[in-house]
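Input: a single structure, listed below in structure tokens.
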Amino acid sequence: MSRRTAYALLLAAAAVRLLIQTEAMPPYAGLDELYHVARLAFVLEEHRNPRMDEASVPPDLEATLERKWEAVPSFALLQTDWHAPAVRDRAVTPRPYVRANYEAQQPSLYYSLVAPVARFFPRTVLTQLRVWRFASVVFALIAIAATATIGERWFGGAGIAAAALVPFLPTWETLVTRASNDAFACALVAVALAVSSRSRRLAGRTGGVPPPGAETAPIRPAGTPAATTALVVAEALLWALAIAAKLYTWPLLIALPFFWRWQRASRWRVIIVIAACAASAALTMSDLTSRTGTAIGVHFTHAGGALSVVDVVKVTLASAAWTSGEHWDALRPLGIALYALPIAAAIAFSARRRDLLLLAAAVLAAFALAQTVNFVKSARAGGGEGWYWFVTVPIVVPVLLAPAVKRFPFLAIWIVAWDAVITTQLFQTWAGTRTPDHPSWLFRWGRNA
């Protein structure tokens, strides 16, 4: 099979899987989706991003929040009262705005770029939702293609095969198929990592570190000086955009020193990329400070014992395996073990590239540190949300999953089969046929089920 055919099949399969998910998903079933949509709607009408303390939720979405009969219903709000009601579309009502939107805490880049796309389509509530969901699917496909590119460089065809499994990871589907800035952030990080890891000398048999006495001149990609300069500028721009997209992209900057050391990057390349990242971080924090009052958009308070460390670990593991949102569906511990242990075992018996393992460990450690700070400082239960970890897919999948798939091809069947099992449960929930009165030995339904 040619490389072009492999990528065409990869993107076709991923697009089908993601479109099935987003089309089957009831309105506002994605995590916090209604509030992301409310901010997009505000930016679409007002041509600016809202302040944290100003009313910015439009009347049609306020009607949904109030559960009014004429409004488009919200799956996340109705929860146990959801019985797949008839969903009637309605024209948008942009003003007057009613309440403040906590998603104003997010950086502005995604909303400023994506909100105007809806202007080219009929101005109805469901059409806008579909447009912004479809934009997320496009960004998700970009992230998958970039992940495949990285995996192919390090493990050949197995890297592409591992990337093809990404849309079959149930939590990743939840993260990227809703209308939100997550798919956008994942795409920018993935492409930035793909550009930064572009050298073919990366992670060779000597670990990318030149032996004693070897030539120490910087490694430069083949091509003209203009092409080399363009790649450096692209790398700097992509990382700057990734930093401006969402704050959970920042820990992945830890990957850059690895790439630069392995590639013996030029001093100017390092300076340009660092300067672009610093400028982007400064502008992002300035925007957040002006709109929210804090440089990172979140007003930290002491957790006050809201969650214990054990609780955080449990929530992280459960939501990393699968989370369907406010219905609190999740795999039970037995289900998590049956699903994850064969994958973990395959990875443990396959990962042998020490240089790449150190890279993945550094990325995961940096992200864990950021999540720990979030948990310790914030009263919100954000510190244990396992779906945020999926922004590390462009590193974790090529480093850990690709060699496992290469050595144990059955692993691909296992992951796809579990996606089918979990999706069957999820679709039953969306159809209103799965309730706490119908327990399962694999799944729980409801917070206390």
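In segment 246-276, what residues are part of a helix (DSSP H, G or I) and under 20 Å from the mean Cα position of the chain (by Cα)?
Result: Leu247, Tyr248, Thr249, Trp250, Pro251, Leu252, Leu253, Ile254, Ala255, Leu256.
I'd like the residue in segment 114-170 that is among the basic types (Lys, Arg) and assigned to a helix (DSSP H, G or I) and, out of all such residues, is farthest from the chain's Cα centre (by Cα).
Arg119
In segment 107-121, which residues are of a type in the set (Phe, Trp, Tyr) and over 18 Å from Ile296 (Cα atoms)?
Phe120, Phe121
Of all residues being crowded, with 21+ Cβ neighbours inside 10 Å and closer than 20 Å to Ile296 by Cβ in segment 388-410, which is modelled with the lowest pLDDT? Just the residue, please.
This residue is Tyr388.
Which number in (1) in the same structural domain as Thr64 (by TED's automatic domain parsing); (2) under 23 Å from Gln21 (Cα atoms); (3) crowded, with 17+ Cβ neighbours inside 10 Å marks the one condition that Ala104 misses?
Here Ala104 meets the rest and fails (2).
What residue, of Leu317, Leu359, Leu334, is aliphatic (A, V, I, L, M), out of contact with any Ser or Thr (no Cβ under 6 Å at 6 or more places or on another chain), in a helix (DSSP H, G or I) and modelled with pLDDT of 95 or more?
Leu359
List every residue pair whose Cβ atoms sit under 6 Å apart, with the two residues 6 or more apart in sequence or on different chains, where the first one lies in segment 227-238 and is surrounded by fewer than 20 Cβ atoms within 10 Å (Cβ to Cβ) and the second, anywhere, is not in a helix (DSSP H, G or I).
Thr228/Arg220; Thr228/Pro221
The values are calculated or read from the model by the stated rules, or taken from the named source; none is laboratory data. The structure presented is a predicted model; accordingly, all values stated were derived computationally and were not measured. Backbone-built Cβ (ideal geometry, glycine too); neighbour counts: all protein chains shown.
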